[in-house]
Amino acid sequence: MSATAEYGQVITAMRAGGPVSALVFQAEAAALAAQLPGHAHVINLCTDRYRFFTGLTAALQRGQVTLLPSANVPAALAALAEDYPDLYVLTDGARPALPCLDYPELTGTHGEYPFDLPDDQPAVVLFTSGSTGRPKPAAKSWSVLRQSALAAGARLGVAGLEGATIIGTVPHHHSYGLESVILLGLLHGLTIDASWPLYPADIRAALARAPGKRILVTTPVHLRALLAEPENMPSADLILSATAPLPVELAQAAEACFGGVLMEIYGCTEAGQMATRRTAVEANWTCLEGVALHQDALGTWASGPAIPGPTLLHDAIELTGPGHFTLGARAADLVDVAGKRASLANLNHQLLDIPGVQDGVFVMGEVQNGTVPRLAAVVVAPSLTQRGLMAALRQRIDAAFLPRPLLLVEELPRNALGKLPRADLLRLLGQAS
């Protein structure tokens, strides 16, 4: 994928069976491309990272568009089949009730193929989470994906991390994992760890076995879990974080623990990655090269070569200079109780700062039968009681925002990105009541 790399020496991936050279990767992608069914669209459900990006590359070679749903559940896949009838599924695991191709055995393949695609070739269709309704498609051409990855790599300084291994705790089917693990690795000649570690012990092990320099692509949820036991943490030269707000204190602790620089990435499914900041030392975000922001009565719009058309952003953004901005709370993040306003992000920060709280979140309930919605909280705190938690919260937040109910659980219903779907939280609270 890199125009300048010597492919006989570049290691594209690290798998359980050992390193995979760029030459072997290219040959296997070509062999897979020859075996793909002749359909216009493919849903790539491969859980093995190496198989996923080999399948993605093979589909590009065949001119097929890869569909990347936000959730691998029967209802979501059935909806895709309705909207994209000429599709099949590439899988290395369970077979959904759709036309499927099991990922074939490709070992022993040799050779090379040129990777030269038209800039305007349709490449992938990503989908929003659907938290506000049916997931919305976001189509990306090869040019958009390539320019985004190149701009991000230039900003992150990956040229100085030659030969580094990327370890990602995030799903590669999501825009963050696709851009910051798969494309960052393939387009900058880095090594992609084929595993998908989720638990602290697995993430530690993946870091420890990676030779040379390391890049950790993760989320605030995973960082918090890792830093709960920071002793003897393997180092990381660069840490990337996205998908949720990152507290300054957590960013500073992560840099001290891993011994590397932590960069937070701002973006969305529709526009991709747009800006970065070193959260431990700066509040301002800096747009990636080519990204421009402008504002009107509707809000803030992003545009640029790596953004497929002007995109309206959902965040409250304050421009602080050309290419620089700060983030405010989204309208949905603000709650009003008894005439008082607060940010859910700040309430969550106060909750998570209580000693003994391992995880937790505030959520505003739904209006039912004309009743006023109530602010609730779901918390993981094995060593604390509800009474003790409420007492601690009274010392930190206005009494109007004390959660009723406050539910203690063993774990929160986080998805693979560490996000908490609102519907799942409301169901959990409904079951409790």
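Taking into account only those residues within region 250-269 that are among the β-branched types (Val, Ile, Thr) and under 18 Å from residue 214 (Cβ atoms), which is surrounded by the fewest Cβ atoms within 10 Å (Cβ to Cβ)?
Filtering region 250-269 down to residues among the β-branched types (Val, Ile, Thr) leaves 261, 265, 269.
Of the ones still in play, those that are also under 18 Å from residue 214 (Cβ atoms) are 261, 265.
On the way: 261: 18, 265: 24.
Taking the candidates together, the pick is 261.
Residue under question is residue 55, and the condition is that it be in the same structural domain as residue 185 (by TED's automatic domain parsing) and surrounded by fewer than 18 Cβ atoms within 10 Å (Cβ to Cβ); does it hold? Considered against the rule, which asks whether it is in the same structural domain as residue 185 (by TED's automatic domain parsing) and surrounded by fewer than 18 Cβ atoms within 10 Å (Cβ to Cβ), residue 55 comes out as no.
Just a yes or no: is a residue in region 330-342 assigned to a strand (DSSP E or B), modelled with pLDDT of 95 or more and not hydrophobic (A, V, I, L, M, F, W, C)?
Initially, region 330-342 is screened for residues assigned to a strand (DSSP E or B), giving 334-337, 340-342.
With modelled with pLDDT of 95 or more added as a condition, the list becomes none.
No, region 330-342 contains no residue that is assigned to a strand (DSSP E or B), modelled with pLDDT of 95 or more and not hydrophobic (A, V, I, L, M, F, W, C).
In region 1-56, the qualifying residues are those that are farther than 21 Å from residue 174 by Cα and among the polar types (S, T, N, Q), and the one that is modelled with the highest pLDDT is 35. Checked against the criterion of being surrounded by 19 or more Cβ atoms within 10 Å (Cβ to Cβ), of a type in the set (Gly, Ala, Ser) and modelled with pLDDT under 90, region 70-87 has at least one qualifying residue.
Taking residue 26 as the residue in question, decide whether it is crowded, with 16+ Cβ neighbours inside 10 Å and assigned by TED's automatic domain parsing to the domain that holds residue 138. Before you say what the answer is, go through the steps one by one.
Working: crowded, with 16+ Cβ neighbours inside 10 Å: yes; assigned by TED's automatic domain parsing to the domain that holds residue 138: yes.
Criteria met by residue 26.
A quick yes/no check of all residues on (1) surrounded by fewer than 20 Cβ atoms within 10 Å (Cβ to Cβ); (2) out of contact with any Pro (no Cβ under 7 Å at 6 or more places or on another chain); (3) touching a residue at least 12 places away in the same chain (Cβ under 8 Å):
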| site | (1), (2), (3) |
| --- | --- |
| 271 | no, yes, yes |
| 276 | no, yes, yes |
| 284 | yes, yes, yes |
| 295 | yes, yes, yes |
| 314 | yes, yes, yes |
| 322 | yes, yes, no |
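If only residues of region 260-278 that are over 16 Å from residue 247 (Cβ atoms) and hydroxyl-bearing (Ser, Thr, Tyr) are counted, the one that is modelled with the highest pLDDT is 276. Within region 227-237, restricting attention to residues that are outside any helix (DSSP H, G or I) and not polar (S, T, N, Q), the residue that is nearest to residue 168 (Cα to Cα) is 236. Need at least 3 residues that are assigned by TED's automatic domain parsing to the domain that holds residue 152 and not aromatic (Phe, Trp, Tyr) per element, so show me which strands (runs of 3 or more DSSP E) inside region 238-320 make the cut, counting only ones lying wholly within it. Correct list: 238-241, 261-268, 272-277, 292-296, 299-303. Taking the criterion of being at pLDDT 85 or above and touching a Ser or Thr at 6+ places or on another chain (Cβ under 9 Å), the only residue of region 408-420 that qualifies is 408.
In region 19-34, which residue that is closer than 19 Å to residue 162 by Cα and of a type outside the set (S, T, N, Q) is farthest from the chain's Cα centre (by Cα)? I'd like the intermediate steps shown before the answer.
Our first condition is that a residue be closer than 19 Å to residue 162 by Cα; within region 19-34, this holds for 19-23, 25.
Next, only the ones that are of a type outside the set (S, T, N, Q) stay: 19-20, 22-23, 25.
Details: 19: 25, 20: 25, 22: 25, 23: 28, 25: 24 Å.
Looking at residues that are closer than 19 Å to residue 162 by Cα and of a type outside the set (S, T, N, Q), I get 23.
The values are calculated or read from the model by the stated rules, or taken from the named source; none is laboratory data. Computed from a predicted structure; not experimentally measured. Quick reminder, even Gly has a Cβ in these numbers, built from the backbone with ideal geometry, and neighbours come from all protein chains shown.
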